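The values are calculated or read from the model by the stated rules, or taken from the named source; none is laboratory data. Quick caveat, the model's predicted, so the values are computed rather than measured. Please note: Cβ atoms are built from the backbone with ideal geometry, for glycine as well, and neighbour counts cover all protein chains shown. Accessible surface areas use protein heavy atoms only, side chains included; no ligands, DNA or RNA. Shrake-Rupley method; radii C 1.70, N 1.55, O 1.52, S 1.80 Å.
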Amino acid sequence: MNAIEARGLVKSYADPSRGVVQAVRGIDLECRAGEIFGLLGPNGAGKTTTLRMLATILAPSAGTARIAGVDVVAEPLRARQLLGFLSGTTGLYPRLSPRETLEYFGKLHGLAGTALQARVAELIEVFGLGSYADGRCEALSTGQRQKVSIARAVLHDPPVLILDEPTTGLDVLASSAMIEFIESRRAAGTCVLFSTHVLSEAERLCDRIGVIFAGRVLDVGTKAELAERTGQRWLEDIFKELVRRAELPDAASPATR
Amino acid sequence: MARPAPDTRTQFLCVLGTELRSLWRDRRALFSALVLPMLLYPLLFQGQAWLERASRTRLEQRNVRVGLDLTRAGPELAQRLRERLAEEGPIELVDIDAGPLQALEVEVATGAPAAVERERSAAAAFFDTGLEALLVAITTDTPPFVELRPYRDGAEDLSNEALRRIERARARVHEEFTHRRVQELLELDPAQGLTDLALVDVASAEDQGGAALGRLLPILAVFVLLSGGAAAALAAFAGERESGTLETLLVQPVPARTIAAAKFAAVLLTALVTLVCNGLSVLGTLFFGWGALPGLEAAGGFAVGSGRVLTAALVYLPSVALLSALLCLVCGRARTFREGQHLLLPLLLLALVPTLLATQDDVELDLLTAAIPLGGPALAMRDVLRGDVVLPLLAWMFAANLAWAALAVAQVGRILDGERVFAAASDEHEDAQRRVQSRLALRWGLLGVIAIYLVGSTLQNWSLALGLALTLLALLPLLGLLAARGTARRARARLASVLSLRAPRLAHLAGAVCLAPALVQLTQLVFAWQQTVLPLPSSFGESTMLRELEGVGPVARIALLALAPALGEEFFFRGAILAGLRRDLAPWKCALWQFALFGAAHASIHRFVPTGIVGALLTLVCLRTQSLWPAVLLHASYNSLLVSGLAETHLAHPAWALLALPGAALLLLPGAAARGGASGELRS
């Protein structure tokens with residue numbers, strides 16, 4: 001069973017000034033446990049919409065998606081118990097402390113009593129939040145907030161992590177810490193699906209890469225496989241070649257691996 | 001990690017607790033929304049009373065110059081009036097010759113506006129000599145054949161003070177003469193005298209106090225609920241969306257409805273606490289005598305019992321729930337905190353409209369009015385406070401308004417749907433750019449309404465005809481041009497195109513004319529129905545613009561009241577403002593905003609709904625035809641039918657409304673742009 005599985009995902013919506021817009025036009029994805037899968041594409045490609053459908057925030061207009069075998073449309077609440085979600089725009093409650101934030105989300109996941117306290121204490125220790133665990137989140141630095149957000153996302157020890165451009169707005173150190181965290185999830189057997197438009201992140205982290213453009217996945221594979229199929233060496237050139245092929249009048253349907 | 005499935009009740013309490021905790025820790029918002037108003041009530045009442053006393057004392061000590069011509073009143077009456085006037089504070093009595101005023105009496109008695117205007121001018125000539133008021137005895141053709149007529153300059157405080165002194169003196173003289181005449185008729189001994197009339201009010205002190213409080217409390221409750229509840233609603237919805245915590249919350253294994261219900265509960269609790277605290281502050285201020293309600297200044301102490309106050313609060317609970325739900329809906333739609341704040345003022349105005357029913361003494365709580373959302377509870381609160389309790393009616397009001405509240409609360413459960421929260425795939429910056437046109441258009445619209453209230457009304461008070469012309473043909477077009485210029489620049493389009501000034505189809509023009517009789521009948525129907533719940537004051541029909549402009553010729557009257565509004569108002573509302581709105585909003589939303597702006601621009605609660613309907617319909621005509629001119633023609637035709645009186649005579653028959661069918665059919669034909677005409681503008 002795949003950790004994440006999507007078949008023919010489509011997302012359309014009506015805009016008063018632009019009419020019907022198809023943000024995602026039929027995406028197929030398979031991500032395995034213990035794998036880091038990168039969704040690589042420019043702004044407006046449909047990455048965020050795809051991840052939001054997988055995270056059950058948006059309902060697909062068509063297609064199916066499963067998180068650890070649970071249908072996200074039929075059983076969204078159960079699917080949310082199995083995934084952790086973090087995006088570049090995720091915020092924290094300014095007037096709660098990190099400890100209170102973790103306790104809050106822990107309760108929403110059904111943790112209570114000593115189990116909740118123990119888990120919160122464990123996360124505070126693991127992520128080094130001890131020195132500011134009881135101060136208000138509005139007083140934290142960007143890096144500190146990021147750590148609290150990560151702790152919140154893994155609080156319930158989900159088998160799947162979905163990260164939407166997690167390094168957006170972070171400085172070098174914070175960005176590096178995020179990359180290290182993602183790498184650490186591989187060893188823990190967690191499936192990590194993250195989106196990015198930063199090629200270096202994709203090159204360093206991903207076991208496999210899905211190139212997404214204009215709402216479609218153009219190709220999926222390891223960097224070596226993509227390089228071989230496109231005849232290009234660098235990820236940037238691979239991306240450009242795949243887009244060029246997609247824009248040809250008689251382009252074949254995108255490959256799925 | 002094995003754990004039990006989350007319990008919805010626990011999740012609800014968890015979200016509610018977090019919302020309240022966050023609110024409690026926002027001390028600044030709590031202080032400004034909750035504590036500060038409580039502190040201000042005693043200051044407000046005390047300050048108002050002090051200012052009134054100070055102003056009255058200052059005026060009573062000032063010398064006033066009153067012109068007198070009492071030659072036609074008889075020597076005894078004239079002498080008595082002079083004596084009593086001299087006793088009314090510092091006063092200088094100046095003899096004048098009011099012959100010019102007497103000469104106009106025959107014409108003035110006909111009520112002709114032109115004659116009234118000449119009388120006003122003749123009297124004003126006396127004021128130009130430094131007099132604050134006049135008291136003139138005028139002989140008339142009807143009993144009592146001599147009339148004591150005071151004149152004043154209502155715009156001057158000192159003139160109003162002079163009039164008060166004249167009124168007091170006149171009342172004393174009248175009483176003396178009445179007493180003497182009654183004694184003569186009853187052959188009473190003058191030495192014994194008559195007892196004075198002593199007013200006996202059968203209303204108890206509690207009823208009197210309750211009646212006064214009942215006129216104030218519903219209005220105050222709306223302000224308080226919205227200000228207190230807004231702090232919670234903005235933080236819970238728009239604020240969380242802006243800060244990025246809403247997305248995180250929606251990914252938790254909690255049903256969106258549970259989250260929305262908990263947030264609604266937080267808003268409701270906050271609104272209730274605000275209402276209770278502010279209410280206690282007001283009642284405490286009145287109870288301890290730090291202030292008095294209008295009409296009860298002379299009464300000794302505030303005497304409304306706690307039982308009535310509690311019952312009044314209880315009957316108002318459905319409105320509390322409804323307003324809290326409306327706050328959630330409004331703030332839930334806002335993308336940012338600031339956008340939510342902007343939406344609060346329209347919500348306040350909308351909430352005040354039905355609540356104002358409680359201030360109308362001739363509006364009773366009955367089966368129909370009890371069912372009006374916000375209006376029914378306001379009337380019930382008023383009646384309970386003044387001691388008029390009809391239990392079955394109250395029960396019906398409670399049930400009906402609870403149903404309205406339940407309907408609104410049900411909608412709250414849907415606003416945290418991910419589709420609504422994250423509808424567009426584009427980023428927030430792009431969305432903000434796209435919606436800037438409609439936001440700016442609404443600001444210009446509000447500015448236009450305020451300009452009509454302030455500048456337009458000042459011009460019309462100065463000169464009705466000229467003021468109307470300047471407002472409609474200069475002020476509104478100027479504001480419209482400024483608004484449209486910005487829209488055209490942002491859309492990179494020609495100004496004429498933005499204003500929809502393209503040539504219309506003849507079919508559309510014909511359709512617009514056909515629609516006019518039906519529109520007149522529709523608004524008259526709405527007006528008639530409205531009077532069952534909001535009766536017109538007796539003075540409403542007495543001095544309409546038509547009567548006041550009788551001195552102006554018929555052609556000029558049609559131009560002023562039919563053509564000028566059609567041109568000026570359409571240029572501004574359906575030209576400039578709609579140009580911005582239609583770039584971002586669906587047609588029905590454009591029509592709704594035009595309903596509100598156009599209705600508000602006519603500055604009358606009685607005209608709000610009928611003119612709002614006209615505004616909405618003109619919007620749809622403009623959007624459909626993609627040209628401003630059919631809307632101008634429809635507006636001009638509508639006004640012409642009313643001004644000319646044809647709506648009440650030749651076109652009064654309901655059959656004329658059937659013209660709406662071919663009219664609508666003609667208007668539904670495609671517009672000029674849809675037939676391949678150049679639009680002249682790019683998509684922004």
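Below, the figures for the structure above:
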item: Candidate set: segment B:491-521, residues that are out of contact with any Ser or Thr (no Cβ under 6 Å at 6 or more places or on another chain) and not aliphatic (A, V, I, L, M); chosen: the one nearest to B:Leu578 (Cα to Cα); result: B:Ser497
item: Near pairs, Cβ below 9 angstrom, 6+ apart or cross-chain, from segment A:20-48 (free of Cβ contacts under 8 Å to residues at least 40 places away in the same chain) to any residue that is of a type in the set (Ser, Thr, Tyr) and part of a strand (DSSP E or B); result: A:Val20/A:Ser12; A:Val20/A:Tyr13; A:Val21/A:Ser12; A:Val21/A:Tyr13
item: Candidate set: segment A:31-46, residues that are among the small types (Gly, Ala, Ser) and open to solvent by less than 40 Å² (accessible area, probe 1.4 Å); chosen: the one farthest from the other protein chains (Cβ to nearest Cβ); result: A:Gly38
item: Subset of segment B:192-218 [more than 42 Å from the chain's Cα centre (by Cα) and either open to solvent by 90 Å² or more (accessible area, probe 1.4 Å) or at pLDDT 80 or above (or both)]; result: B:Gln192, B:Thr195, B:Asp196
item: Residue satisfying condition, being within 19 Å of B:Arg439 (Cβ to Cβ), assigned by TED's automatic domain parsing to the domain that holds B:Leu628, part of a helix (DSSP H, G or I) and touching a residue at least 12 places away in the same chain (Cβ under 8 Å), within set B:Arg485, B:Arg490; result: B:Arg490
item: Failed condition for B:Pro294, given (1) open to solvent by less than 30 Å² (accessible area, probe 1.4 Å); (2) in a loop (DSSP other than H, G, I, E, B); (3) modelled with pLDDT under 90; result: (1)
item: Top-ranked residue in segment A:61-98 [being open to solvent by 40 Å² or more (accessible area, probe 1.4 Å), facing chain B (nearest Cβ under 8 Å) and not hydroxyl-bearing (Ser, Thr, Tyr); ranked as farthest from A:Arg185 (Cα to Cα)]; result: A:Arg95
item: Residues satisfying the stated conditions in segment A:132-162, i.e. over 16 Å from A:Ser184 (Cβ atoms) and in contact with a Ser or Thr (Cβ under 7 Å, 6 or more places away or on another chain); result: A:Ala133, A:Asp134, A:Gly135, A:Arg136, A:Cys137, A:Val148, A:Arg152
item: Filtered residue count, segment A:47-57, keeping only those that are at pLDDT 90 or above and either surrounded by fewer than 16 Cβ atoms within 10 Å (Cβ to Cβ) or touching a helix residue (DSSP H, G or I) at 6+ places or on another chain (Cβ under 6 Å) (or both); result: 1
item: A:Leu129, sole failed condition from (1) within 13 Å of chain B (Cβ to nearest Cβ); (2) buried (at least 21 other Cβ atoms within 10 Å of the Cβ); (3) in contact with a Pro (Cβ under 8 Å, 6 or more places away or on another chain); result: (1)
item: Residue list for segment B:579-599, restricted to those being more than 14 Å from chain A (Cβ to nearest Cβ) and open to solvent by less than 30 Å² (accessible area, probe 1.4 Å); result: B:Gln594, B:Leu597, B:Phe598, B:Gly599
item: Filtered residues of segment A:47-60 (kept if more than 10 Å from every other protein chain (Cβ to nearest Cβ) and aliphatic (A, V, I, L, M)); result: A:Leu51, A:Leu54
item: Search result, residues across segment B:1-55 that are crowded, with 17+ Cβ neighbours inside 10 Å, facing another protein chain (nearest Cβ under 10 Å) and hydrophobic (A, V, I, L, M, F, W, C); result: B:Cys14, B:Val15, B:Leu23
item: Matching residues, segment B:160-174, being within 14 Å of B:Ala133 (Cα to Cα), buried (at least 17 other Cβ atoms within 10 Å of the Cβ) and out of contact with any Leu (no Cβ under 9 Å at 6 or more places or on another chain); result: B:Leu163
item: Test result for B:Val66, at negative phi and not in a helix (DSSP H, G or I); result: yes
item: Qualifying residues in segment B:130-157 (those that are surrounded by fewer than 16 Cβ atoms within 10 Å (Cβ to Cβ) and touching a residue at least 40 places away in the same chain (Cβ under 8 Å)) - the one nearest to the chain's Cα centre (by Cα); result: B:Asp157
item: Count of segment B:71-99 residues which are modelled with pLDDT under 90, surrounded by 14 or more Cβ atoms within 10 Å (Cβ to Cβ) and assigned to a loop (DSSP other than H, G, I, E, B); result: 3
item: Residue list for segment B:246-264, restricted to those being buried (at least 20 other Cβ atoms within 10 Å of the Cβ), at the interface with another protein chain (Cβ under 7 Å from one of its Cβ atoms) and at pLDDT 90 or above; result: B:Gln252, B:Pro253, B:Val254
item: Single condition A:Ser176 does not satisfy, out of (1) open to solvent by less than 50 Å² (accessible area, probe 1.4 Å); (2) within 12 Å of another protein chain (Cβ to nearest Cβ); (3) within 30 Å of A:Arg204 (Cα to Cα); (4) assigned to a helix (DSSP H, G or I); result: (2)
item: Residue tally, condition open to solvent by less than 60 Å² (accessible area, probe 1.4 Å), at negative phi and without any contact (Cβ under 8 Å) to a residue 60 or more places away in the chain, over segment B:622-651; result: 1
item: Filtered residues of segment A:99-117 (kept if open to solvent by 10 Å² or more (accessible area, probe 1.4 Å) and more than 7 Å from chain B (Cβ to nearest Cβ)); result: A:Arg99, A:Glu100, A:Glu103, A:Ala112, A:Gly113, A:Thr114, A:Ala115, A:Gln117
